[in-house]
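As structure tokens, the structure follows; a few thoughts come after it.
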Amino acid sequence: MFYLKYRPKTIEELDNIKVKEVIKKILSSGSFPHAFLFIGQKGTGKTSTARIFAKAVNCLKNKNSEPCNSCKNCLSIDTFSSPDVIELDAASNRGIEDVRNLIKESSFYPMANKYRVYIIDEAHMITNDAFNALLKTLEEPPESVIFILATTNQEKIPKTIHSRCLLVNFGTAKRTEILSMLKKIVKKEKINIDDQLLSLIAKHSDHSFRDATKILEELVTQKKLKFEEGRQFLGLLHENFFAALQKKELKGILSWLEEFTQAGGNTKNLIEQLLEELHIALLTKSGVKTEDETNISLEIKDIIILMKLLTEAYNNLKISPIESLPLEIAIVEYYNRNK
Ligand SMILES: Nc1ncnc2c1ncn2[C@@H]1O[C@H](COP(=O)(O)OP(=O)(O)OP(=O)(O)O)[C@@H](O)[C@H]1O
Ligand SMILES: [Mg+2]
Ligand SMILES: [Zn+2]
């Protein structure tokens, strides 16, 4: 599976540029804190980076703070057989007893490495009591211990824990970063896929590296490597909608919508996709977003009119006797204004 095969193994391989810089600095500074909090959306590289970090601090041939990935320590960490790098899923080890055990265990010296590293995933699942028990250890961790707490849910981490950790913010993966990751995979796998389709994947992967690799793999398995067939396979309805809309032909777009509803399409879902796309176009065209490209060629004033009409249609969905009606009205109104 691509997302496992191409999990980054060195800092250099991380496509998340900001994180890459931060981790490089931390490692090259020589003295770093022993408690970290990795925060970011799913599939942005928290676990991968934590493992790279664990290897980097324990690598026997460590050059430029990068793990060598070939020494005994690196290999055992990569194969999960290291006695000193412990990955815990807080979703199933969340109670006070689990944390007490962990604290006790962390007071022993590492067996084969310089540091014992605890990677605690889904850290927001830890119970309050357990967090409290962990406070003191996080504040003054034993010298040979490093804690890396990772979470998608920053709000659920108590402030007291927050303030004792060095925060690394993974945020969300940028389209350009996802695209650069996809291009690397495609090159290594010698896949002949349209560039335009790669951009489309990057755009629709929910800002997650993992989602993007999964979509790519699906398209490869299904042999949908041309832009048009890939787009259809992914069911990116709004792309078709905007293509029809920009032809400035009312009949065309209403027939498209008719076909869509006949085929059992969900109008609510469609309007949500449309609004999201228009939102990105608005921010891009007003210069707020620069990294996200948009295929929408409408002017800002038209984007705003459409957004207003679509929001109204969305609100009317609940009270409409015919599901597609509010959207149809919005489209007709849009065309009438733009005549
Ligand atoms: N910075 C990155 N550069 C390139 N690929 C990445 C990067 N981060 C993640 N990936 C890809 O995404 C996959 C998932 O990454 P990872 O498990 O590290 O994310 P995560 O943030 O821990 O996600 P979750 O919150 O769901 O646990 C990796 O196996 C890899 O294929
Ligand atoms: Mg993870
Ligand atoms: Zn090594």
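Laboratory data are not the source of any read-out in this text; all were calculated from the coordinates shown. Since we're looking at a predicted model, the values are computed, not measured. Don't worry about glycine lacking a Cβ; one is built from the backbone with ideal geometry, like all the others, and counts go over all protein chains shown.
Structure data summary
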quantity	calculated
Label-point gap, in nm, between HIS279 and LEU317 - each point 7 angstrom along Cα→Cβ	1.3
Spacing of the two label points (7 Å from each Cα toward its C-beta) at LYS18 and THR221, in nm	3.3
Centre separation in Å (Cα based) which lies between region 253-296 and region 62-99	43
Amide H within-cut-off set for GLY171, under 5 Å, with H built and near neighbours excluded	GLN41
Descending semi-axes in Å of the chain, equivalent ellipsoid built from Cα gyration tensor	47, 23, 17
Region 136-249, Rg to Rh (Cα coordinates; Rh as Kirkwood inverse mean 1/r)	1.19
Principal semi-axes in Å for region 2-171 [√(5λ), Cα gyration tensor, largest first]	24, 19, 15
Sequence ranges 175-181, 46-52, 191-197, 155-161, ranked by mean other-Cβ count within 10 angstrom, highest first	46-52, 175-181, 191-197, 155-161
Paramagnetic reach from PHE233 (point 7 Å along Cα→Cβ, amide N under 14 Å) across region 204-224	213-224
Among SER76, ASN64, GLY45 the positive-end extreme of the charge dipole of region 2-171 (Cβ point charges)	ASN64
Candidate lysines - alpha carbon under 23 Å from LYS156, same-chain residues fewer than 8 apart omitted	LYS42, LYS46, LYS136
Cross-link table LYS9/LYS226; LYS9/LYS159; LYS183/LYS289, entries beyond 29 Å C-alpha to C-alpha	LYS9/LYS226; LYS9/LYS159
With Cα atoms, 0 to 90° folded angle of helix 267-285 axis to the chain main axis	80
Mean residue ellipticity (222 nm) of the chain, computed from DSSP H runs ≥ 4 via -39,500 (n - 2.57), nearest 500	-16000 deg cm²/dmol
At R0 = 22 Å, FRET efficiency that the Cβ-Cβ distance of THR127 and LYS104 yields, to 0.05	0.80
Length added when fully stretched, TYR335-LEU167, from 0.36 nm per residue minus Cα-Cα	55.5 nm
